[in-house]
Amino acid sequence: MTFRRIGNCAVAILAVSTAACDLDLNDPNVPTEEEVFSSPDNMIRVGIGLQAEYSNQFAEPVYATGMVTNELGANPATFESFRILDTGSGPATNDFGASSGPWSGQYRVVRHANFVIERAPTSGLGPATTSGLVALGKLYKAMALGNLIQIYEQIVLETVDSAPFVDRATALTAIITLLDEAAAQLAATPASPEFNAQVLAPGFNLPNTIHAMRARYNLIAGDLTAADNAAAAVDPGVFSEFRFADGDPNPFWNLAVNGGNSTSMRPKDAFRLAAEAGDERIEYWVTPADIAGFAEPLDNFNRYGSRTSSYPAYLPDEMTLIRAEVAARQNRLLDALGLVNDVRTPCTSALPEPVACLPALLITDVPTQAAMLAQILVERRFELYLQHVRWSDLRRFGLTPKFMWMPIPVAECDRNAATPNALCQAEPASIPHDS
């Protein structure tokens, strides 16, 4: 997308505004795009803004996934589009809410990431700071596209007029390419102390998050070797997270507590009740309650119970479970068992992560490949609650979620003539479903 002048929207981008704005302006009294993005200080602000943009937008795909997979439930006054996702009582519509929110928000991130990727090399920053910014841009673009491809059957890769839709294999290839390029960028030219101190958000580890996303999306794409290698490259002693403050609250707390009944979606008590007796991960995630939901009782958040609660960029044991799944799919059942028990048995951790504190399983408990994979899916359910992976997990493990995909939002269908008509139709619920 080509913009001649960014005018007042330069302020919005550099001040990390989330409001929509028209970037194609011709006011002679404002700086040109070249003037804005050729400034080293402004480029640093744009890199900071990219991270804030993502932290303001990621709750939408997480909530859509959580409703489809029964991690979350609606209250009686929640918007109808979310109540439908909760119950599977009708087709998933594309007019607002769960269809439009993830789409518009994640493409805002893609657009912002493109600014960083394209403009950082000509902004006058040193090579090591530029390297950090480009790697950051590619990671966030990949995460945004990855969030989308887990929700929609096809997506567009760029925010340009009449962008063509691509299938899942093409999208996943593009996502993995961005992540591989980001990893190679940092390997060749590590990010500078200036980047780490002035750009990178506190608590967020860039290289480990890149490798974690490489593991996640290679697994989804079916490249077991690449997934295993990437998971092994993640430092298990690192906890990478998105942090929040009183003035910039955690979006889960904000929607559940501060957003009013129309957006108040909370944990279903079925999540807690389905856990193995003694699984301490449950109390990490939720607090038992008896809140009247639209379809069934709801609990409260524990992990996201305050306005300053952080959100993990990934959880370290996701990498262990990825390696366990790879081993199981390669029929290396003893290797898979050891990795599963590495997740199940710890009762403490030096990191602020969930711990199960459960007994070790024996090979007689999971003697076949099918049994091992089923157990890995159970461990992923309780280890990776609200990590926006369960919808993809259900499809990958051959189960049928309430909805296979969300329809493309009506605004995109109307705007983009390249949108396949079939993707714009309301998605019927699949009954029965597994969660």
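The values are calculated or read from the model by the stated rules, or taken from the named source; none is laboratory data. The structure presented is a predicted model; accordingly, all values stated were derived computationally and were not measured. When we count neighbours, we look across all protein chains shown, and the Cβ atoms used for this are built from the backbone with ideal geometry, even at glycine.
Screening Cys357 against (1) on the phi > 0 side of the Ramachandran plot; (2) within 23 Å of the chain's Cα centre (by Cα); (3) not charged (D, E, K, R) leaves a single unmet condition, (2). Of the residues making up segment 42-90, those that are among the small types (Gly, Ala, Ser), farther than 17 Å from Trp103 by Cα and surrounded by fewer than 24 Cβ atoms within 10 Å (Cβ to Cβ) are Gly49, Ala52, Ala77, Gly88, Ser89, Gly90. Within segment 215-226, the presence of a residue that is crowded, with 18+ Cβ neighbours inside 10 Å, out of contact with any His (no Cβ under 6 Å at 6 or more places or on another chain) and more than 28 Å from Gly398 (Cβ to Cβ) is excluded. One residue stands out among those in segment 248-264 that are crowded, with 18+ Cβ neighbours inside 10 Å, under 20 Å from Tyr54 (Cβ atoms) and of a type in the set (S, T, N, Q): the one that is modelled with the lowest pLDDT, which is Thr263. Would you call Ala191 crowded, with 17+ Cβ neighbours inside 10 Å and farther than 19 Å from Ser131 by Cβ? Judged against the criteria, Ala191 is not a match. Would you pick out the residues in segment 63-85 that are β-branched (Val, Ile, Thr) and either without any contact (Cβ under 8 Å) to a residue 12 or more places away in the chain or farther than 21 Å from Trp285 by Cα (or both)? Within segment 63-85, Thr78, Ile84 meet the criteria. Restricting attention to segment 101-142, the residues being more than 18 Å from Asn205 (Cβ to Cβ) and among the hydroxyl-bearing types (Ser, Thr, Tyr) number 5. Against the definition (within 18 Å of the chain's Cα centre (by Cα), of a type outside the set (A, V, I, L, M) and closer than 21 Å to Tyr63 by Cα), how does Pro251 come out, yes or no? Here the answer is yes, as Pro251 does meet what is asked. Of everything in segment 258-273 that is touching a residue at least 24 places away in the same chain (Cβ under 8 Å) and of a type in the set (A, V, I, L, M), the residue that is farthest from Val62 (Cα to Cα) is Ala270. Scanning segment 91-137 for residues that are assigned to a loop (DSSP other than H, G, I, E, B), touching a Pro at 6+ places or on another chain (Cβ under 7 Å) and crowded, with 24+ Cβ neighbours inside 10 Å gives Asn94, Ser99. Applying the condition of being surrounded by 21 or more Cβ atoms within 10 Å (Cβ to Cβ) and acidic (Asp, Glu) to segment 291-345 and asking which residue is farthest from Arg380 (Cα to Cα) yields Asp299.
Yes/no matrix, rows are residues, columns are (1) at pLDDT 95 or above; (2) closer than 19 Å to Leu136 by Cβ; (3) basic (Lys, Arg); (4) in a strand (DSSP E or B):
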site	(1), (2), (3), (4)
Val30	no, no, no, no
Val36	no, yes, no, no
Asp41	no, yes, no, no
Tyr54	yes, yes, no, no
Ala64	no, no, no, no
Gly73	no, no, no, yes
Pro76	no, no, no, no
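The residues listed here are Thr348, Thr400, Thr419; of these, the one that is more than 23 Å from the chain's Cα centre (by Cα) and surrounded by fewer than 19 Cβ atoms within 10 Å (Cβ to Cβ) is Thr348. The residue that is farthest from Arg214 (Cα to Cα), counting only those in segment 164-173 that are out of contact with any Pro (no Cβ under 9 Å at 6 or more places or on another chain) and surrounded by 18 or more Cβ atoms within 10 Å (Cβ to Cβ), is Ala171.
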